[in-house]
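Report on the structure given below.
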Amino acid sequence: MASVTLTVNGKQVTATVDPRTLLAQFLREHLHLTGTHVGCDTSQCGACVVHVNGRAIKSCTTLAVSCDGALVTTIEGIGTPDNLHPMQAAFRENHGLQCGFCTPGMIMSAIDIVNRRGNKLDEHTIREELEGNICRCTGYHNIVKAVAQGAAAMN
Amino acid sequence: MYAFNYHAPKTVRQAASLLAKNTDGKVLAGGQTLLPTMKQRLASPSALIDLGHAEGMSGIEQKGRNIVIGAMTRHVEVSTSAIVKNAIPGLAALAEGIGDGAVRNRGTIGGSLANNDPAADYPSAALALNATIITNKRKISADEFFQGMFSTALEEGEIIVKVSFPIPSKAAYEKFPNPASRYALVGVFVAKKGSDVRVAVTGAGSNGVFRSKECEAALSSRFNARALDGVKVSASGLNADMHASADYRAHLIPVMAKRAVEKATAK
Ligand SMILES: Cc1cc2nc3c(=O)[nH]c(=O)nc-3n(C[C@H](O)[C@H](O)[C@H](O)COP(=O)(O)OP(=O)(O)OC[C@H]3O[C@@H](n4cnc5c(N)ncnc54)[C@H](O)[C@@H]3O)c2cc1C
Ligand code: FES
Ligand code: FES
């Protein structure tokens, strides 16, 4: 067993875990933050994307213990139902989701894209940058529109 | 994933001594290859020695006519580094083309070189740029380092600490990505330094990254895309799988080399 201390959505947590606990598992099963989804568990789909020290990573492909001391932000940490994050609001307004399974990862990746590439994003850039996020429902079109609008609103 | 003991050393020296004590142990860098492999139970190290907290393993600097990159430097740092973009833009562009944004935020250059996946991007840059791999024990030239797929000159207990890339006069990388995995179906890195021209090919060889003598010979007399007109690469020893035949990969090598030379000689 190993000890890990993280700051998740602004709250510090310390836990003793089996070292093989993945960050996704830790968030979902230990902290009950089930907004982070596990779609493939093989590092392909991006449903599990969260931010660690401000960078988007696949939480199914990261050990919780490797993040010791880190700041972690999940989909639960960016907005509330009454006060959505601009990227969440843009997904809602543009019908950027159907079943919603990929959405937390899409939104966390989209915010990372804005953090890295600024908030004026053309369609081509958005499509390239969403390489690591798979959606089985929407056909991506409305996701791309949502990301462009959400990015602009994050100004 | 099978259980393992976890260690987070603070220095390379501590990491090396932990690795010596745990003979079935492995170092963990970005985990973007090792963790998926462990989840599939294709690897079951008794211990993981996490390099993520070890000092002095990450960062990019120019030292004389070389760019020196720490083994734990993430792909995103190489792709956005002003130093790399200025001295070896082809290397920054290569890093930008690895996997996706989340993979680039975690994956490291040291992990990619140590793993020597036959379809990985970085091995081609190290080989074409004639890089030196610096470990906790010695310096290894790229020509000696890559020893066939998933196999390198690294010995038991040896850890890559940094990689030194001589700055070329011209260089570029061109990759034909596998449409599903985005790994290289064929990737070609061309580099010219003085009169020395090196062309390294990844994705195609059944024995991992290799230098294309045919392309090097053609480009040595004239470093110009047209010098590659009519150059044929033999399909023997090339990979054939559901994604591409050996003949198709052989065909792609001079095509990608040509595009890379066009990029390298533009402006
Ligand atoms: C979805 C996805 C897409 C990808 N696409 C691409 C792609 O297009 N092109 C590409 O090139 N790669 C791709 N990769 C692989 C990625 O680049 C990995 O980051 C890289 O191959 C391994 O680096 P790592 O830091 O994650 O190493 P790890 O997975 O932590 O380690 C890999 C191996 O190297 C050893 N190792 C690590 N660091 C050292 C060191 N300093 N010294 C000695 N041994 C060491 C480990 O023990 C292990 O055996 C992809 C990965 C994923 C998940
Ligand atoms: S669940 Fe992590 S990438 Fe699919
Ligand atoms: S909305 Fe269903 S997977 Fe994207």
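Quick note: the coordinates plus some simple rules give every number you see, no bench work behind them. Quick caveat: nothing in here was measured; it's all calculated off a predicted structure. Positions of Cβ are generated from backbone atoms using ideal geometry, with glycine treated the same way; all protein chains shown enter the neighbour counts.
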(message) Give me the dipole magnitude in Debye, nearest 20, for the protein assembly as shown about the Cα centre, with unit charges on the beta carbon: positive for Lys and Arg, negative for Asp and Glu.
(response) 940
(request) May I ask you to list the aspartates and glutamates whose Cα is less than 15 Å away from that of B:Lys139, ignoring any residue fewer than eight positions away on the same chain? (result) B:Glu155, B:Glu158
(request) Binning at 10 Å from 0, report for the protein assembly as shown what percent of all alpha-carbon pair distances ends up in each bin. (result) 5, 21, 29, 26, 15, 4, 0
(message) Longer than 26 Å from Cα to Cα, which of B:Lys26/B:Lys63; A:Lys58/B:Lys175; B:Lys193/B:Lys263 are they? Say none if no pair is.
(response) B:Lys26/B:Lys63
(request) Report, in deg cm²/dmol and to the nearest 500, the calculated mean residue ellipticity at 222 nm for the protein assembly as shown, where each DSSP H run with n ≥ 4 adds -39500 (n - 2.57) and the sum is divided by the residue count. (result) -8500 deg cm²/dmol
(request) For the range B:183-198 and the range B:223-256, compute the distance between their C-alpha centroids and round to whole Å. (result) 14
(message) With the alpha-carbon atoms as the only input, what is the per residue convex hull volume for the range B:5-53 in Å³?
(response) 59
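Given 10 °C and 1.306 mPa s, how large is the Stokes-Einstein diffusion coefficient of chain B in µm²/s, with Rh as the Kirkwood radius over Cα pairs? Intermediate results must be reported in sequence, preceding the final value.
On the way: Rh = 18.7 Å.
After rounding, the answer is 85 µm²/s.
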(message) Quick check: residue separation of A:Arg127 and A:Cys99 times 0.36 nm, minus the Cα distance between them. What number comes out in nm?
(response) 8.1 nm
(message) Among A:Thr125, B:Leu19, A:Gly105, which residue has its Cα furthest toward the positive end of the charge dipole of the protein assembly as shown, with +1 on Lys/Arg Cβ and -1 on Asp/Glu Cβ?
(response) A:Thr125
(message) Among B:Tyr6, B:Leu154, B:Val201, whose Cα projects farthest towards the positive end of the dipole of chain B, with charges put on the beta-carbon of Lys, Arg (+1) and Asp, Glu (-1)?
(response) B:Val201
(request) Report, in debye and to the nearest 20, how large the dipole of the range A:1-88 comes out about its Cα centre when Lys and Arg carry +1 and Asp and Glu carry -1 on their Cβ. (result) 140
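Suppose R0 equals 35 Å. What FRET efficiency, 1/(1 + (r/R0)^6) with r the Cβ-Cβ distance, do B:Thr80 and A:His30 give to the nearest 0.05? Could the numbers behind the result be given before it?
Details: r = 33 Å, r/R0 = 0.96.
The computed FRET efficiency comes out at 0.55.
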(request) With no solvent and one equal point scatterer placed on each C-alpha of the range A:2-77, evaluate the Debye formula and give log10 I(q)/I(0) for q = 0.13, 0.18, 0.21 Å⁻¹, two decimals. (result) -0.30, -0.60, -0.83
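With contacts defined as alpha carbon pairs under 8 Å and 6 or more residues apart, what's the relative contact order of the range B:5-53 in percent? Mind showing how you got there, number by number?
Details: 65 pairs, mean separation 27.5, N = 49.
Value for the range B:5-53: 56 percent.
About its Cα centre, what dipole magnitude does the range B:228-267 give when the only charges are +1 on Lys and Arg Cβ and -1 on Asp and Glu Cβ, stated in debye to the nearest 20?
Working: 6 positive and 4 negative charges, 47 e Å.
Around 220 debye, computed over the range B:228-267.
Gain in length, B:Ser220 to B:Met242, computed as 0.36 nm per residue apart minus the alpha-carbon separation, to one decimal in nm? The partial results should precede the final answer.
Values: separation 22, 0.36 × 22 = 7.92 nm, distance 3.44 nm.
Here the answer is 4.5 nm.
Are there any trypsin sites (Lys or Arg not before Pro) in the range B:16-77 that are in a DSSP loop and have at most 13 other Cβ atoms within 10 Å? List them by number. Let's see the in-between values first.
Values: sites: B:Lys21, B:Lys26, B:Lys39, B:Arg41, B:Lys63, B:Arg65, B:Arg74; in loops: B:Arg41, B:Arg65.
Counting only loop positions with at most 13 other Cβ atoms within 10 Å, the trypsin sites (Lys or Arg not before Pro) in the range B:16-77 are B:Arg41, B:Arg65.
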(request) Would you list, by chain and number, the aspartates and glutamates whose Cα falls below 20 Å from the Cα of B:Lys162, excluding same-chain residues fewer than 8 positions away? (result) B:Asp50, B:Glu55, B:Glu61, B:Glu77, B:Glu96, B:Asp117, B:Asp121, B:Asp143, B:Glu144
(message) Would you calculate the convex hull of the Cα atoms in the range B:80-205 and tell me its volume per residue in Å³?
(response) 103
